[in-house]
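Here is the structure we will look at.
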Amino acid sequence: MGKALHHYEMITDGDRIVVGVSGGADSLSLMWMLAERRARIPIDYELFAVYIDPGFEGGFARQLESYCEILGFSLRVEFTDYGLLGHSPENRENPCFLCSRLRRKRLFEIADELGCRKLALGHNRDDLIETLFLNICYAGEISTMLPMQDFFQQRFFLIRPLVFADESLIRRFAADQGFPEFENPCPTSKTSKRREIKQLLNQLYRSNKKIKGNIFRAMSHVRPEYMLKP
């Protein structure tokens, strides 16, 4: 994480940062590490943890809020109906896209309210690779998530400090820390297109341990002269 923060100059002195906490291993690890490193570096910044509850029955917002108190930070919970809207009859084709878009929009609104110019999310190296393949297969373009991205003419910056970390490494860290596993109540969490891509990629990874690293490096080693013209 430190390598990514330094390489992309994600955090500077005096930053106020909203951290999107979803209850998963990635976001809990991100919040823990961002908080822990403040005592070791000469850069001062503030963190504001926020969870956007999508509104599904059987949610875990209060349990997550209580656990964050044990970890030593306050969690702001926003109750919404974004998940229900995403799965409404008018939006059956791509429920994940709408739900994610609405949650991201609300996080930016909260960041603006709190005077924060940066929003930190827990996406890891596997997420970037999966997004690359999702966009190739379903959007017809070669693109992925950016480690650091500006929005609204640099009014806000979205940062992803875990982009160099494998999902498996984060899972081991979360297990070592004893982070709880919250059950995702989303009805399509186990049938999404991202899960299909993840399963496909895992088959490739098992065949050759170098494939994941090669795909990740390829995203910063593009040769346009060997691509088709628009």
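Read the figures in this text as sums done on the coordinates, not as results from a lab. Since we're looking at a predicted model, the values are computed, not measured. Quick reminder, even Gly has a Cβ in these numbers, built from the backbone with ideal geometry, and neighbours come from all protein chains shown.
Round to the nearest 0.05 the FRET efficiency obtained for L204 and Q177 when R0 = 45 Å and r is the Cβ-Cβ distance.
0.90
Can you compute 3J(HN,Hα) from phi for each residue in segment 79-91, using the Karplus curve 6.51 cos²θ - 1.76 cosθ + 1.60 with θ = phi - 60°, rounded to whole Hz and x for Gly and Pro?
My calculation for segment 79-91 gives 8, 9, 10, 4, x, 5, 5, x, 9, 6, x, 6, 9 Hz in order.
So what's the back-of-envelope 222 nm ellipticity for the chain, counting only DSSP H runs of four-plus at -39500 (n - 2.57) apiece and dividing by all residues, rounded to 500?
Mean residue ellipticity at 222 nm (helix-derived): -13000 deg cm²/dmol.
Which ordering of L47, L119 is given by a fewest-first count of other beta-carbon atoms within 10 Å?
With the fewest neighbours first, L47, L119 line up as L47, L119.
Counting pairs of alpha carbon atoms under 8 Å apart in space and at least six apart in sequence, what relative contact order in percent does segment 71-207 give?
Reported as a whole number, the value is 20 percent.
Return the sequence-ordered ³J(HN,Hα) values of segment 210-217 in whole Hz as given by the Karplus equation 6.51 cos²θ - 1.76 cosθ + 1.60 applied to θ = phi - 60°, using x for Gly and Pro.
Couplings: 8, 4, 4, x, 5, 5, 4, 5 Hz.
Considering only DSSP beta bridges where both residues belong to the chain, give the percentage that are antiparallel (nearest 5).
For the chain, the DSSP antiparallel bridge percentage is about 20.
May I ask which of K3/K229; K105/K193; K3/K118; K3/K190; K190/K212; K3/K210 have a Cα-Cα span longer than 25 Å here?
The answer is K3/K229; K3/K190.
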